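Here is the structure we will look at.
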Amino acid sequence: MTLSKRGGKRPGSGRKKGTPNKVTVDLKNKAGEYTAEAIQVFVDIMRDQEAPAATRIQAADKLLDRSHGRPSIHVDATLNDKMTPELMARLKTEMIDRMAASRERQRQVLLERGLLDAE
């Protein structure tokens, strides 16, 4: 009885590293045609004095990301305490409080913009 060579992982099979995916190459090429126009949209929004500040900041941030790259983020976390039921309860309470505060801030923004009726 001979063993079949079919199925399973075989050394050397599959697409080689660095070989572009044929499906995404066409999409990237097509999207690349609009790069200058997309950047101009960011510039226009950033310079629009009547646009909300948050929108202008986002547009400026996108431009900076594309020109200088995204900043790297380094996180150094150490856990000194064990996860106790008390710690879990405290974290749960803090998260619930933060979420409630966030919802209230969002409600205030919607009220200020006239998108929500005061109740």
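The values are calculated or read from the model by the stated rules, or taken from the named source; none is laboratory data. Remember, it's a predicted structure, so these values are computed and weren't measured experimentally. Cβ atoms come from the backbone with ideal geometry, glycine included; neighbour counts cover every protein chain shown. These area figures cover heavy atoms from the full protein model, side chains too; ligands, DNA and RNA do not enter into them. Shrake-Rupley method; radii C 1.70, N 1.55, O 1.52, S 1.80 Å.
With all protein chains kept in place, the per residue accessible area of the chain amounts to 98 square angstrom at a probe of 1.4 angstrom.
The number of Lys pairs in the chain with C-alpha atoms less than 25 Å apart, excluding pairs fewer than 8 positions apart on the same chain, is 12. Calculated FRET efficiency, Leu64 to Glu33, Cβ-Cβ distance, R0 = 22 Å: about 0.40 to the nearest 0.05. The slack between Thr19 and Ala118, meaning 0.36 nm per residue of separation minus the straight C-alpha distance, is 29.9 nm. Among the trypsin sites (Lys or Arg not before Pro) in the stretch 25-96, those located in a DSSP loop and surrounded by at most 15 other Cβ atoms within 10 Å of their own Cβ are Lys82. Only helical runs count toward this figure. For the chain, summing -39,500 (n - 2.57) over DSSP H runs of n ≥ 4 and dividing by all residues gives -19000 deg cm²/dmol at 222 nm. For the stretch 1-112, the extents of the C-alpha atoms along the principal axes are 75, 53, 28 Å, listed from largest to smallest. Extending 7 Å from the Cα toward the beta-carbon at both Asp48 and Glu104 defines two label points whose distance is 3.3 nm.
Potential lengthening of the chain between Asp26 and Glu94 amounts to 19.7 nm, from the contour at 0.36 nm per residue minus the alpha-carbon distance. Taking all Cα pairs closer than 8 Å and separated by 6 or more residues, the relative contact order of the chain comes to 10 percent. Note on surface exposure: Glu33, Glu104 rank Glu33, Glu104 by accessible area, highest first, 1.4 Å probe.
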